[in-house]
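Only the coordinates and a few stated rules stand behind these numbers; no lab work does. In this text, all values refer to a predicted model and were calculated from it rather than measured experimentally. Cβ atoms come from the backbone with ideal geometry, glycine included; neighbour counts cover every protein chain shown.
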Amino acid sequence: MANSANPPVGIIMGSQSDWPTMKLAAEILDTLDIPYEARIVSAHRTPDRLWDYGKTAVDRGLQVIIAGAGGAAHLPGMMASKTRVPVIGVPIQTRTLSGVDSLYSIVQMPKGFPVATMAIGAAGGANAGLMAAGILALQDPALAERLDAWRAALSASIPEEPVDD
Ligand code: RP5
């Protein structure tokens, strides 16, 4: 469902190298039938693209932005400063500092410009998709049903007893 016209969710990331993590958010949105767009928008390498994206987000109908970045990860916070559309931040796992650098860069926003920060890496990517779904489900009963079913299926897949490998 990528590249739908006026999708409610924008997935943005600082680099192509972030896509394997951000794709996990996209896969959740695909599963739940939620349209989205995916774009590379780097705070440092393409600051004008970041500015334009934030400036037009409301008018383009975006309702949630999922922003992933690694290292000196300024993208989610800068996007939150540019638009009131809720921003969900995904700290990308880095080789040098394991993503703690990304986490600290994203989570410690000053009062006034929040970023809903997920876990580092793969869990954060997938959970960002689920968080976006939960926000949209507040106004969309059919999506709420799909999300409830997804959650129930996950619960049902967890065995009660452990087994040997
Ligand atoms: C950040 O720098 C990106 O979000 C990425 O996680 C990190 C490394 O980018 P590349 O050097 O792989 O393009 O801006």
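Counting Lys and Arg as +1 and Asp and Glu as -1, what is the net charge of the other residues whose Cβ lies under 11 Å from the Cβ of Ile12? That sum, taken over residues with Cβ under 11 Å, equals 0.
Over all other residues within a Cβ to Cβ distance under 14 Å of Leu32, the charged ones net out to -4, with Lys and Arg as +1 and Asp and Glu as -1. Think of it as helices only: each DSSP H run of n ≥ 4 in the chain is worth -39500 (n - 2.57), and spread over all residues that comes to -13500 deg cm²/dmol at 222 nm.
For the peptides 88-97, 151-160, 133-142, residues were scored by their other Cβ atoms within 10 Å and the scores averaged per peptide; the highest-first order is 88-97, 133-142, 151-160.
Net charge in the neighbourhood of Gly71 (other residues with Cβ under 11 Å of its Cβ; Lys, Arg +1, Asp, Glu -1) is -1.
The relative contact order of the chain, computed from alpha carbon pairs under 8 Å that lie at least 6 residues apart in sequence, is 22 percent. Taking every alpha-carbon pair within region 73-165, the share separated by more than 16 Å comes to 64 percent.
In plain terms, the C-alpha convex hull of region 9-154 casts an average shadow of 8.3 nm² when viewed from every direction.
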